[in-house]
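Notes follow once the structure below has been shown.
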Amino acid sequence: MMPKARVKAAAWAALAVAVLAAPALGSPVLNDWNVRICSLMMVALSWNLTLNAGLISLGHSAFWGLGSYAALLAANRLGAPLPLSLLIAALAGSLAGMGLAALTGNLRGIFFAISTLAFSEILRVVGLMTPDLTGGAEGLYLTPGLRPAPAVVTFAVALGAVAAVVVCAGLALTRFNLACRAMRNNEDVSKMFGINPLVCRVQCLAVAGGMASLAGGLNLWHGGFLDPLVAFDLHVTVLSQIAPLLGGIHTLVGPVVGSVLTVFLSEGTRIGLGASGYSQLVLGVLLVVCVLAMPSGVVGLWRRVLARRARP
């Protein structure tokens, strides 16, 4: 392994150890921040994965909410413990992603984006119209006796974030990643290289959907309450886009850095200004600045700075 690769591997290993060790400190504030960062990290990596294939999703809250309800119903009605309910949540998200890919067919650009937004809204309406299953507008609580200690849930969320990074890093070394990049550049030309866009879309959304649904299931175990308005809140989609754009799209480290910055900026603004509403304003302004001045995000800016210093 080259020295530079060793440094990267050591950095990722140190980050994984820090994330997994945080719940052991027992601080409620630190645990809450760790859950928010790790949950956002998983959804951001999921959204970035679809973007790498040229698929812009405006409805990632659909996978988040579906995973949340899958975990809730598996726990309340089947008595499934935390690991099994999360497996069911991830499976539900993967199947939903495959179904969405099959239904949308060859839709591209804004047409695919609108279809994902419609998918999320359809699930929200279905959730409100089926109170016997979802609790409707009143919502449902996770059975208290099933919830483990908060530190256990925090560790599970951290482990999910580390697993998401490992999965994305592994996919980056496969032909699947090359096929996604080819589709993003030109889907018609990619067919000339033997790439089946529909198969690639199904695979991409299966992984991305499962990852986002797993994050939703973990968040359900952390919060303990769910209703359709919370489950399919478009705020989840917005944050899943802000984090990669802030950190740097089409990279592995970008969504990770962006997730940390997004949560810290959000909490810092809330604490400093005394109101949570200002955080959305600050993040929105920052997002516009990043798109206009730093299209490659903080990671891209840092790389350019390092490249300039390396020049003789």
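Brief remarks on what is shown
- Debye-sum result for segment 161-264 in log10 I(q)/I(0), which assumes one identical scatterer on each alpha carbon, at q = 0.11, 0.12, 0.13 Å⁻¹: -0.43, -0.51, -0.59
- Mean residue ellipticity, 222 nm, helices only, the chain: the sum of -39500 (n - 2.57) across DSSP H runs of n ≥ 4, divided by residue count and rounded to 500, is -26500 deg cm²/dmol.
- Span-rule helices in the chain, defined as complete DSSP H runs reaching 30 Å or more along the axis (Cα) with Kyte mean at least 0.5: 28-52, 82-104, 109-129, 150-171, 197-223
- Derived value for the chain: Kirkwood hydrodynamic radius 20.0 Å. Basis is the mean of 1/r over every pair of different alpha-carbon atoms.
- Exposure proxy order (Cβ contacts within 10 Å, fewest to most) of THR143, THR154: THR143, THR154
- Ranked list, fewest to most other Cβ atoms within 10 Å of each Cβ, for HIS250, HIS60, HIS222: HIS250, HIS222, HIS60
- Size check on segment 196-235: the Cα extents along the three principal axes, sorted descending, read 41, 18, 13 Å.
- Separation of alpha-carbon centers, segment 279-295 and segment 130-144, rounded to whole Å: 36 Å
- Taking label positions 7 Å along the Cα-Cβ direction at both ASN185 and ARG77, the computed distance is 4.7 nm, reported to one decimal.
- Pairwise FRET efficiency - LEU84 versus LEU133, Cβ, R0 = 30 Å, nearest 0.05: 0.95
- Efficiency of FRET between VAL291 and ALA149 - r from beta-carbon atoms, R0 45 angstrom, step 0.05: 0.60
We did not get these values from a lab; they are worked out from the coordinates using the rules stated. None of these values were measured; they are calculated from a predicted model. Every residue, glycine among them, receives a Cβ derived from its backbone with ideal geometry; neighbour counts consider all protein chains shown.
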